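Engineer: Starting off with a structure, shown below.
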Amino acid sequence: EAIEKGGFDHFMLKEIFEQPRSIADSMRGRVQAQEGLLQLGGLRDYLDKLAKSKRIVIIGCGTSWHAGLVAEYIFEELARIPVEVEYASEFRYRNPIIKEGDIVIAISQSGETADTLAAIELAKSKGATIFGVCNVVGSSIARATHAGAFTHAGPEIGVASTKAFTAQVTVLTLMALAAAHRKGTLSESLFRQLLTELESIPAKVEQVLQAADKIKEIAYIFTYARNFIYLGRGLNFPVALEGALKLKEISYIHAEGYPAAEMKHGPIALIDEDMPVVVIATQDSSYEKVVSNIQEVKARKGRVIAIVTEGDSHLPGLVDFTIEIPRVHEILVPLVSVVPLQLLSYYIAVMRGRNVDQPRNLAKSVTVE
Ligand code: G6P
């Protein structure tokens with residue numbers, strides 16, 4: 001097992017550090033930015049159908065559901081197709097409306113999650129075309145779908161999903177780009193720019209990983225916090241949910257993810273000098289709004305850890321701790337902004353002496369209801 005961990009203390013840490021490679025693997029043979037080429041072999045015969053679809057319903061559980069929420073923003077922004085994201089366990093029990101021309105995208109790392117599989121069978125019986133985004137080739141979900149794209153992240157052993165998430169988001173981004181390009185809702189220049197930026201993501205994730213020691217120091221300070229709030233807006237809202245989930249799963253600290261503006265409708269009541277608030281505050285279209293949300297937290301003495309764009313000169317003076325990430329196109333930010341949150345939860349769990357790779361009560365794959 002020590003050999004399998006490749007020198008890392010835990011599979012989870014190894015998998016976090018594998019992300020530059022796993023993200024590159026999920027694009028391998030699919031993206032050639034210089035030539036302006038994007039190919040998804042498993043969707044070739046279905047790309048028209050996707051581009052012409054009236055609605056996309058995305059289903060998944062856990063971290064895969066969070067990847068679906070990121071994809072919702074990207075599909076709607078680039079391809080102008082309305083998207084709904086559903087927990088598979090809810091979708092399957094509420095007589096969902098599926099119309100002709102609807103596409104269902106099922107996301108699953110393992111390809112064996114019982115609720116997701118059952119939701120697929122239900123959607124299929126109602127006439128939907130189902131695409132899969134799975135990591136495990138030959139899995140039940142991969143076989144149950146009409147078409148799809150594998151994530152090629154390699155085996156994920158740690159129960160808390162890390163590299164599978166970033167691979168899912170990468171592949172879903174490729175699907176959205178392909179649909180938007182085919183549909184004509186995306187200019188050739190932005191299409192090429194995003195392909196080029198995608199190719200640069202592995203190096204940017206590598207850069208974030210170099211901040212591991214700084215993140216460890218912050219984790220040390222907050223090891224015994226009893227609660228955490230995670231805030232983000234836009235594409236960073238699902239990242240806030242994912243950051244909170246990671247912390248809950250492996251450290252057993254209560255954590256909630258919220259859209260930053262929604263904080264004033266409840267969570268703000270929890271904020272005092274004992275409440276750590278992780279805010280993803282990258283310099284994108286919602287930056288100014290997030291800064292004012294941070295001011296609201298600071299006014300109530302909350303302790304803010306902000307994920308900021310490198311070179312941000314304003315936030316370090318306003319918050320307690322900053323973690324810098326490189327600048328990327330707004331559409332691709334989650335691929336980079338989630339990484340420090342994975343590391344933060346990992347180090348806190350280790351410092352609390354938790355069983356990081358096999359947290360209590362959790363299973364890698366939930367094959368029963
Ligand atoms: C379990 C795992 C999570 C995972 C979820 C969905 O809860 O612990 O890490 O996100 O199942 O699994 P799937 O294999 O369908 O992505």
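Nothing in this text is a laboratory measurement; each read-out follows from the coordinates by a stated rule. Being a predicted model, the structure only gives us computed values, none of them experimental. Here the Cβ positions follow ideal geometry from the backbone for every residue, glycine too, while neighbour counts run over all protein chains shown.
Engineer: Quick check: from the Cα gyration tensor, does the stretch 1-121 come out rounded (a/c under 1.5), prolate or oblate? All intermediate terms of the calculation are to be shown ahead of the outcome.
Structural biologist: Working: a/c = 2.46, a/b = 1.32, b/c = 1.87.
In terms of gyration-tensor shape, oblate.
Engineer: Let me know the shape class of the stretch 53-210, please: from the alpha-carbon gyration tensor, a ≥ b ≥ c as square roots of the eigenvalues, rounded when a/c is under 1.5, otherwise prolate if a/b is greater than b/c, or oblate. The partial results should precede the final answer.
Structural biologist: On the way: a/c = 2.08, a/b = 1.19, b/c = 1.75.
Oblate.
Engineer: Any idea how far the Cα center of the stretch 5-54 sits from the one of the stretch 305-369, in Å?
Structural biologist: Centre-to-centre (Cα) distance: 21 Å.
Engineer: With label points built 7 Å along Cα→Cβ from the Cα atoms of R352 and D45, find their separation and express it in nm.
Structural biologist: Each label point lies 7 Å from its Cα, and together they span 4.9 nm.
Engineer: Let me ask you something else. Are there any GluC sites (Glu not before Pro) in the stretch 17-123 that are in a DSSP loop and have at most 14 other Cβ atoms within 10 Å? List them by number.
Structural biologist: E35, E100
Engineer: Using a 10 Å cut-off on Cβ atoms, rank the peptides 122-130, 50-58, 273-281 from the highest mean neighbour count down. All intermediate terms of the calculation are to be shown ahead of the outcome.
Structural biologist: Details: 122-130: 17.2, 50-58: 20.1, 273-281: 23.7.
Averaged packing, sorted descending, gives the order 273-281, 50-58, 122-130.
Engineer: Kindly provide the trypsin sites (Lys or Arg not before Pro) of the stretch 130-228 that DSSP labels as loop, not H, G, I, E or B, and whose Cβ sees at most 15 other Cβ atoms within 10 Å.
Structural biologist: Details: sites: R143, K163, R182, K183, R192, K204, K214, K216, R226; in loops: R226.
Passing sites in the stretch 130-228 are R226.
Engineer: Please give every one of the aspartates and glutamates within straight-line cross-link reach of K364, meaning a C-alpha to C-alpha distance under 15 Å, and leave out same-chain neighbours fewer than 8 residues apart.
Structural biologist: E15, E112, D115, E156, E249
Engineer: Using Cα pairs closer than 8 Å and at least 6 residues apart in sequence, work out the relative contact order for the stretch 258-346, in percent.
Structural biologist: Details: 109 pairs, mean separation 22.0, N = 89.
So the answer I get is 25 percent.
Engineer: Between Q34 and K99, how many nm apart are label points set 7 Å from Cα along the C-beta direction?
Structural biologist: Computed distance between label sites Q34 and K99 equals 4.6 nm.
Engineer: Hey, another quick one. Net charge near E369: determine it from the other residues with C-beta under 14 Å of the C-beta of E369, scoring Lys and Arg +1 and Asp and Glu -1.
Structural biologist: Summing Lys and Arg as +1 and Asp and Glu as -1 gives -3.
Engineer: Ok, one more. Dividing the alpha-carbon Rg of the stretch 284-360 by 2.2 N^0.38 Å yields what? Write down the numbers at each step before the final one.
Structural biologist: Working: Rg = 14.7 Å, N = 77, 2.2 N^0.38 = 11.5 Å.
Rg over 2.2 N^0.38 Å, computed on Cα atoms: 1.28.
Engineer: Follow-up. If the cut-off is a Cα-Cα distance under 22 Å, which lysines reach K126, setting aside same-chain residues fewer than 8 apart in sequence?
Structural biologist: Output for K126: K49, K52, K54, K99.
Engineer: Right, here's the next one. Rg and Dmax in Å for the chain, alpha carbons only: what are they?
Structural biologist: That works out to 19.7, 56 Å for Rg and Dmax.
Engineer: Could you give the Stokes-Einstein D for the stretch 175-285 in µm² per second, using the C-alpha Kirkwood radius, 20 °C, 1.002 mPa s? Intermediate values should be presented prior to the final figure.
Structural biologist: Values: Rh = 16.5 Å.
Diffusion coefficient, whole number: 130 µm²/s.
Engineer: Length gain on complete extension for the stretch E273 to K124, per 0.36 nm per residue less the alpha carbon to alpha carbon distance?
Structural biologist: 48.5 nm
Engineer: A further question follows. So how far, in whole Å, is the C-alpha centre of the stretch 166-217 from the one of the stretch 124-158?
Structural biologist: Here the answer is 21 Å between Cα centres.
Engineer: When only Cα pairs under 8 Å and 6 or more residues apart are kept, what is the percent relative contact order across the chain? Working shown, then result.
Structural biologist: Values: 739 pairs, mean separation 71.1, N = 369.
Value for the chain: 19 percent.
Engineer: Defining a contact as two alpha carbons under 8 Å apart and six or more residues distant in sequence, what relative contact order in percent does the stretch 215-369 show?
Structural biologist: Numbers: 272 pairs, mean separation 44.7, N = 155.
Here the relative contact order equals 29 percent.
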